[in-house]
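The values are calculated or read from the model by the stated rules, or taken from the named source; none is laboratory data. Since this is a predicted model, take the numbers as computed values, not measurements. So basically every Cβ, Gly included, is an ideal-geometry build from the backbone, and we count neighbours across all protein chains shown.
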Amino acid sequence: MQKIVIFDMDGTLIDSKKDMTISVNYVREKNHKLSPLSEEFIVDAINRHERNLAMLFYGTEVYEDRDRELFEKHYKEQCIEHPYLYDGVEELLYALKSAGVKLSVATNAPTLFARTMLEHLKVAKLFDEIVGADRVKHSKPHPDMIELILQSYSYNPKTDKAWMVGDNSKDIESAKNAGIEAIFAAWGFSSSGTHDRVVSEPKEILDIVL
């Protein structure tokens with residue numbers, strides 16, 4: 001039997017809010033002459049189940065090409081300035097890996113940024129797949145990412161077991177839509193959830209999976 005754990009990245013594996021905030025505010029100032037937003041506002045906006053980030057961040061109805069291009073150019077360099085793994089995450093990943101558990105990442109961030117950040121933090125090698133929004137037609141809460149990862153393992157729901165670990169409702173819903181179990185990580189961007197299975201520390205995942 002295969003055991004597979006799929007992790008969200010931002011707010012679950014790593015705290016990246018400082019660099020995201022810096023890059024969003026850079027675009028706000030350069031392209032729109034807008035005052036900076038707080039880290040708290042940006043994290044709340046990203047975690048909303050229904051939201052228009054272009055409107056919330058830049059005051060535009062749609063995400064304009066010039067904003068996307070400037071953000072991606074700036075964030076490509078900025079994203080490795082301040083990110084860090086949450087306490088206990090590295091130990092969790094190595095414990096799961098040493099127990100033979102398959103590990104992958106499903107993030108709504110672009111794959112390039114995800115891989116860059118995880119390589120910078122020296123944990124990218126632990127993951128079989130790092131799937132960003134650019135690799136699928138639909139991002140979370142759609143199950144596309146999870147299904148792509150499960151297919152790479154030739155996952156059989158009758159004999160294998162899989163979990164999605166994430167810090168917001170989109171992660172939990174994507175797991176349910178893909179027919180696998182969900183674990184809500186309360187140490188990240190969202191400290192509380194009304195989900196079926198909530199963990200407050202990474203090490204608690206070992207008791208669930210192993």
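Among the residues of region 24-33, those that are of a type outside the set (Ser, Thr, Tyr), farther than 27 Å from Phe184 by Cβ and in a helix (DSSP H, G or I) comprise Asn25, Val27, Arg28, Glu29, Lys30, Asn31, His32. From the list Thr116, Thr159, the one residue that fits, being touching a residue at least 60 places away in the same chain (Cβ under 8 Å) and of a type in the set (S, T, N, Q), is Thr159.
Taking region 82-119 as the range and being at pLDDT below 95 and closer than 12 Å to Phe7 by Cα as the test, only Asn108 passes.
Just a yes or no: is a residue in region 1-13 assigned by TED's automatic domain parsing to the domain that holds Leu148, among the aromatic types (Phe, Trp, Tyr) and exposed (fewer than 14 other Cβ atoms within 10 Å of the Cβ)? No: region 1-13 contains no residue that is assigned by TED's automatic domain parsing to the domain that holds Leu148, among the aromatic types (Phe, Trp, Tyr) and exposed (fewer than 14 other Cβ atoms within 10 Å of the Cβ).
Within region 75-86, restricting attention to residues that are touching a residue at least 12 places away in the same chain (Cβ under 8 Å) and surrounded by fewer than 18 Cβ atoms within 10 Å (Cβ to Cβ), the residue that is nearest to Phe189 (Cα to Cα) is Tyr84.
Residues that are polar (S, T, N, Q) and either part of a helix (DSSP H, G or I) or modelled with pLDDT under 95 (or both) within region 1-23 comprise Thr21, Ser23, listed in sequence order. Among residues of region 34-69 being outside any helix (DSSP H, G or I), under 25 Å from Asp167 (Cα atoms) and charged (D, E, K, R), the one that is modelled with the lowest pLDDT is Glu50. Within region 21-63, the set of residues being free of Cβ contacts under 8 Å to residues at least 12 places away in the same chain and of a type in the set (Gly, Ala, Ser) comprises just one member, Ser35.
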